[in-house]
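Engineer: Take a look at this one; I'll ask things after.
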Amino acid sequence: MRDAATPEEIASYQEHGFVVLPSLLDATELARWRERLHSALERRRTRLPDPGGEYGEFFRSEHEYYDRVFTQRIDLRLDDPAVAELVCSPALGRIAAQLAGAGGVRIYLDQALVKEPYANPTGFHVDVPFWSFSSPDALTIWVALDDATAENGCLCYLPGTHRTRRYDNADIGPQLGALFGVYPEWRSIDPVFCPVPAGSAVAHNGLTAHGAGANMTRRRRFAMTVAYMPDGAAYNGKQDIMTTEEAARLRVGDPLDDPVRHPLVPAV
Ligand SMILES: O=C(O)CCC(=O)C(=O)O
């Protein structure tokens, strides 16, 4: 894996709020990621790591639409050391820190997102308002483990939307364009599709509006993602993916700096 973003990639990310990272993984690495993540998915049957833990309302319920957008498996690294070795990669973290212009970033979460054959589209949304901190400098690196195409639901971005400093959002629900009700000024922006071959990646700012089409093919579209927050990001009171017990240990304003849950990856 390369361990740096090019100056052009950094400039493009900062201007548009997303960037394609071609050939992030070489063929050997891609085979390793696919093998380890397919095994991890075989083992993990639940969305979140601790089946006995008490999670927030969203994660306790079934959702007729959302459950058919993708198979979502969050924080696989926490119960699978072979996955942890991949997603805690210093090289990947360094690229994230360079794109964010941060001295260091911490992993907020990792998640496998598998768009199954004939899965629903991913409605337009922004990421950070779902999360337990608020920052304009968070980002996700979305690694394609299968070719991601317009036919099977590659990502699609609204360039420049990361410049908003608002943390309002729309649910990933059956109204694909609900976000435009929240941000009507974004209706005039042309969406940019980002098809990428397996082993390449896209990175997007946590405030860049994005979505993905339906999977109109008979094969899965497998992506592995790592979301990063700048070092120093603080708890905002949203439980999100934490158990109730974990959230109760935090006060608003506390840094999210648990070294196991949120390991630091320095930029250099
Ligand atoms: O993979 C998808 O369909 C959506 C991904 C996404 O929203 C994200 O990684 O933030």
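The values are calculated or read from the model by the stated rules, or taken from the named source; none is laboratory data. In this text, all values refer to a predicted model and were calculated from it rather than measured experimentally. In this analysis, Cβ positions are derived from the backbone assuming ideal geometry, glycine residues included, and neighbour counts consider all displayed protein chains.
Engineer: Can you list the helices (runs of 4 or more DSSP H) lying wholly within region 1-76 that have 2 or more residues being at pLDDT 95 or above?
Structural biologist: Details: elements: 7-16, 27-43, 57-60.
Ranges flagged: 7-16, 27-43.
Engineer: Residues that are farther than 22 Å from Ala267 by Cα: list the strands (runs of 3 or more DSSP E) wholly contained in region 163-257 that include at least 2 such residues.
Structural biologist: Counting at least 2 such residues, we get 192-194, 210-212, 221-230.
Engineer: Could you pull out the residue among Ala233, Ala247, Ala223 that is within 16 Å of the ligand (Cβ to nearest atom), over 16 Å from Pro90 (Cα atoms) and either among the acidic types (Asp, Glu) or crowded, with 16+ Cβ neighbours inside 10 Å (or both)?
Structural biologist: Matching residue, one of Ala233, Ala247, Ala223: Ala223.
Engineer: Mind listing whichever residues of region 187-221 are under 20 Å from Asp127 (Cβ atoms) and touching a helix residue (DSSP H, G or I) at 6+ places or on another chain (Cβ under 6 Å)?
Structural biologist: Ala203, Asn205, Gly206, Leu207, Thr208, Ala209 - these are the residues of region 187-221 that are under 20 Å from Asp127 (Cβ atoms) and touching a helix residue (DSSP H, G or I) at 6+ places or on another chain (Cβ under 6 Å).
Engineer: Name the single residue that is farthest from Leu37 (Cα to Cα) among those in region 171-220 being more than 14 Å from the ligand (Cβ to nearest atom) and of a type in the set (D, E, K, R).
Structural biologist: Glu185
Engineer: From Asp127, Asp110, Asp79, which residue is within 16 Å of the ligand (Cβ to nearest atom) and either surrounded by fewer than 22 Cβ atoms within 10 Å (Cβ to Cβ) or more than 27 Å from Leu158 (Cα to Cα) (or both)? So that I can check it myself, show each step before the final result.
Structural biologist: Values: Asp110 fails: either surrounded by fewer than 22 Cβ atoms within 10 Å (Cβ to Cβ) or more than 27 Å from Leu158 (Cα to Cα) (or both); Asp79 fails: within 16 Å of the ligand (Cβ to nearest atom).
After ruling out the rest, the residue left standing is Asp127.
Engineer: Looking at region 30-58, I want the residues that are charged (D, E, K, R) and have a partner that is assigned to a loop (DSSP other than H, G, I, E, B) with Cβ atoms under 6 Å, at least 6 apart or on another chain. Which pairs are those?
Structural biologist: Matching pairs, first to second residue: Arg34/Leu145; Glu54/Thr243.
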